[in-house]
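Below is one structure; the comments refer to it alone.
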Amino acid sequence: MGRIEKPFRRIFDRARPYFETGGRMERLKPFFEATETFFLYPAIPVKNKPFIRDSLDLKRYMSIVLAALMPPFLFGIYNTGYHARNASGLSTDFLSVFGEGLVIVLPIVIVSYGVGLFWEGLFAVIRRHPVSEGFLVTGLLFPLTLPPTVPLWQVAAGITFGVVIGKEVFGGTGRNLFNPALTARAFIFFAYPVQMSGERVWIAVRETAGNAVDAVSGATPLAVAALAEPKARIEAVFADSGYTFQTLFFGNHIGSIGETSAFCMLIGALILLATGIASYRIMAGGVIGVLATGLLFNFFAAPDLPAWFSINPLYHLVTGGFAFGIVYMATDPVTAPGTDTSKWIYGFLIGGVAVLIRVVNPAFPEGVMLAILFMNIFSPLMEYTETRLRIRRRIPNV
Amino acid sequence: MVELVSLFLNSVFAGNILLAYFLGMCSFVAISKNLNTAIGLGFAVVFVLTVTTPVNWLIFHYLLAPGALAWAGIGDVNLSFLRLIVFISVIAAMVQALEMLIDRFSASLYAGLGIFLPLIAVNCAILGGSLFMVEREYTFIESVVFGFGAGVGWMLAIVAMAAARIKMRYADLPYGLDGFAITMIVTGLMAMGFMLFSGISL
């Protein structure tokens with residue numbers, strides 16, 4: 001026990017009796033535990049088999065995911081601020097841009113965390129389960145998928161749906177079937193389509209110099225692509241609108257707060273893969289799925305079909321929310337299948353379906369979010385089937 | 001040919017008879033408790049839908065529709081008000097035949113399906129298939145493809161749900177949500193996932 005740790009340990013040990021069974025604040029035990037594990041390393045011995053000696057617990061697991069989320073989060077703040085100031089004709093030096101971004105993004109994140117924590121805490125107190133760190137990831141993933149102009153009450157409505165219906169009705173972290181952040185995102189996407197898509201939601205302008213307008217319109221790469229003439233080469237159309245491959249890769253363009261930069265996702269992916277938190281099978285499967293489906297559509301490309309058909313498949317990887325979805329959401333260990341072959345198939349189908357929706361479904365500009373939700377539906381089935389097949393293949397004990 | 005493939009995919013995914021139209025919920029909720037029984041009932045529904053939709057097409061277009069009896073010389077008769085009752089009788093007869101077949105060839109499936117096999121006769125998905133066929137003015141071939149596709153879509157949904165319920169055995173459900181309630185919630189979330197395909201036209 002370190003010297004710094006000791007006084008903290010003493011404070012918690014003194015308070016503990018109040019929260020134990022029979023104590024005065026027994027019902028608030030989940031909050032006590034949450035605060036304690038925030039400051040001190042949990043030393044709770046597990047009661048059930050299997051006993052594996054490893055300090056990788058849910059807390060460290062989720063902390064690494066949070067660390068991996070920092071690059072897109074910080075870049076998202078900068079990017080949002082940059083486009084807000086740029087559109088209103090203000091100076092775009094780094095500090096003021098970052099400050100502007102903070103003013104726009106932080107309220108969204110705070111509402112997401114605050115409202116989410118309220119529901120998580122309510123269920124924890126009433127149902128007597130611990131407050132889980134998984135919520136910290138959900139509460140940050142969700143705002144990063146939103147457009148910067150989203151009204152705060154919609155953030156609250158979305159995270160409420162995601163936490164309560166997506167997770168808590170199943171009994172909390174680890175028991176849900178659908179990714180809570182995606183459930184929340186899909187819910188507000190269908191409930192409030194006006195604020196979630198279109199040309200006017202991507203740039204959050206607070207103050208304007210000179211010509212004052214409330215909302216500035218701007219087309220995201222996906223919107224540009226969807227509007228492209230059937231005969232056009234999308235690469236050229238992108239370049240005309242200022243979206244070169246490089247811009248798309250580094251992500252300095254308008255879009256959802258945290259989803260624009262494939263480069264930041266790459267950093268996040270490396271963190272997750274190096275620490276073994278996320279499954280490389282799902283990510284690799286997803287990338288292969290996108291490239292394969294993209295190539296397949298290239299074969300069918302014809303002058304009278306949408307321009308998306310003929311695009312270089314590599315562009316699919318860097319546009320829209322694909323990189324974000326496959327790195328942070330598809331690899332969610334709870335809702336992805338747990339068996340190895342299924343992970344490849346799961347990732348591959350997410351990539352494939354996402355490209356399919358982009359190319360042939362005119363109703364949605366982007367399909368990654370729903371593709372992952374769709375595959376969440378079948379993940380228990382894939383897991384079950386693979387387990388059964390393995391059991392059948394096993395040589396019986398003679 | 002392309003139109004038929006498109007119709008098939010449409011009836012499996014975008015227009016999934018269970019997750020987009022919420023038909024056939026009762027047996028879906030009740031039978032999805034067990035994966036093997038769910039697969040069995042899924043096949044039964046595929047079979048019954050594939051057979052009854054075209055048979056009802058023939059009956060509707062040669063007996064019931066306005067002017068359908070022209071071949072018998074009474075072209076001005078319109079019997080389409082008999083549609084519901086005739087469709088139901090055809091479905092009931094088909095289900096009876098299927099029940100005898102299952103009883104003969106798979107005793108375990110027969111026992112597993114229990115009361116729900118005769119209840120296919122009043123499964124709204126089956127009748128819905130026939131009514132959609134009339135409403136959307138399918139041709140005969142289309143009605144076969146549509147019936148098959150609707151059945152496959154229903155089966156896909158119930159099998160996915162049965163597997164999800166196996167996983168949910170480890171869930172810690174709030175009191176009162178166990179069983180039907182959580183199944184309805186999951187069905188709603190599944191329907192949200194299936195909205196992915198709405199809007200696709202090949």
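Calculate the FRET efficiency for A:Ala191 and A:Tyr61 from the Cβ-Cβ distance with a Förster distance of 30 Å, rounded to the nearest 0.05. My answer for the efficiency is 0.45. Both numbers refer to the Cα atoms of region A:143-296; Rg and Dmax are 18.3, 53 Å. Considering only A:Phe374, A:Phe300, A:Phe238, give the residue with the highest GNM mean-square fluctuation for chain A, with springs between Cα atoms whenever their separation is below 10 Å. Result: A:Phe300 has the largest fluctuation of those listed. Taking one quarter of the surface of the C-alpha convex hull of region B:57-202 gives a mean projected area of 12.5 nm². Each principal axis of the Cα cloud of the protein assembly as shown was evaluated for its coordinate range; sorted largest first, these ranges are 96, 65, 49 Å.
In plain terms, the bigger the Kirkwood radius, the slower the diffusion; for region B:59-112, with that radius from Cα pairs, at 10 °C and 1.306 mPa s, Stokes-Einstein puts D at 121 µm²/s. Remark: region B:1-158 carries 46 Å² of accessible area per residue (probe radius 1.4 Å; ligands, DNA and RNA excluded). For region B:65-108, averaging the sequence separation of C-alpha pairs within contact (under 8 Å, six or more residues apart) and dividing by the residue count gives a relative contact order of 23 percent.
The alpha-carbon atoms of region A:239-366 define a convex hull whose volume equals 109 cubic angstrom per residue. Measuring between alpha carbons in the structure, the pairs from A:Lys29/A:Lys167; A:Lys167/B:Lys33; A:Lys6/A:Lys167 lying more than 28 angstrom apart are A:Lys6/A:Lys167.
Rg and Dmax, both from the Cα atoms of region A:317-382 and both in Å, are 11.4, 34. If the reach is capped at under 13 angstrom between alpha carbons, list the aspartates and glutamates near A:Lys59, excluding any in the same chain fewer than eight residues apart. Cross-link targets: A:Glu33, A:Glu36, A:Glu133. By the rule of a C-alpha distance below 12 Å, with chain neighbours fewer than 8 residues away ignored, the aspartates and glutamates paired with B:Lys167 are A:Glu383.
The Rg/Rh ratio of region A:78-190, with Rg taken over Cα atoms and Rh as the Kirkwood radius over Cα pairs, comes to 1.08. The alpha carbons of region B:104-156 occupy a box of 39, 21, 19 Å along the principal axes, longest dimension given first.
Which of A:Thr21, A:Thr319, A:Thr244 moves most in a GNM of chain A, Cα contacts under 10 Å? Answer for the Gaussian network model of chain A: A:Thr21. Around A:Thr173, what is the net charge, scoring Lys/Arg as +1 and Asp/Glu as -1 over all other residues with Cβ under 11 Å from its Cβ? Within the 11 Å Cβ shell, the charges total -3. Pairwise inverse Cα distances across region B:122-202, averaged and inverted, put the Kirkwood hydrodynamic radius at 15.0 Å. Would you kindly find the accessible area of A:Arg60, with a 1.4 Å probe and non-protein molecules such as ligands, DNA and RNA excluded, rounding to the nearest 10 Å²? Accessible area of A:Arg60: about 90 Å².
Across chain A, C-alpha contacts under 8 Å between residues 6 or more apart give a mean separation that, scaled by the residue count, equals a relative contact order of 15 percent.
Relative to the dominant Cα principal axis of chain B, helix B:124-135 is inclined by about 40°.
The mean of 1/r over all pairs of different alpha-carbon atoms in region A:285-356, once inverted, gives a Kirkwood hydrodynamic radius of 12.6 Å.
Taking N as the residue count of region B:1-129, its C-alpha radius of gyration divided by 2.2 N^0.38 Å amounts to 1.20. Based on Cα contacts under 8 Å between residues 6+ apart, chain B shows a relative contact order of 42 percent. When the Gaussian network model of chain B links Cα atoms closer than 10 Å, the mean-square fluctuations of B:Ser130, B:Ser11, B:Ser89 top out at B:Ser89. Angle, helix A:262-274 long axis vs. longest principal axis of chain A, Cα atoms, 0 to 90°, nearest 10? With rounding to tens, the tilt is 30 degrees. Between the alpha-carbon centres of region A:217-270 and region B:1-74 there is a gap of 43 Å. Where the alpha-carbon atoms of region A:89-139 are placed on the principal axes, they occupy 52, 15, 11 Å, in descending order.
Surface composition of region A:348-398: carbon plus sulfur atoms contribute 64% of the solvent-accessible area (1.4 Å probe, protein chains only, all chains present).
The values are calculated or read from the model by the stated rules, or taken from the named source; none is laboratory data. Keep in mind that this is a model prediction, so the values were computed, not measured. Every residue, glycine among them, receives a Cβ derived from its backbone with ideal geometry; neighbour counts consider all protein chains shown. For accessibility, only protein heavy atoms count, side chains too; no ligands or nucleic acids. Shrake-Rupley method; radii C 1.70, N 1.55, O 1.52, S 1.80 Å.
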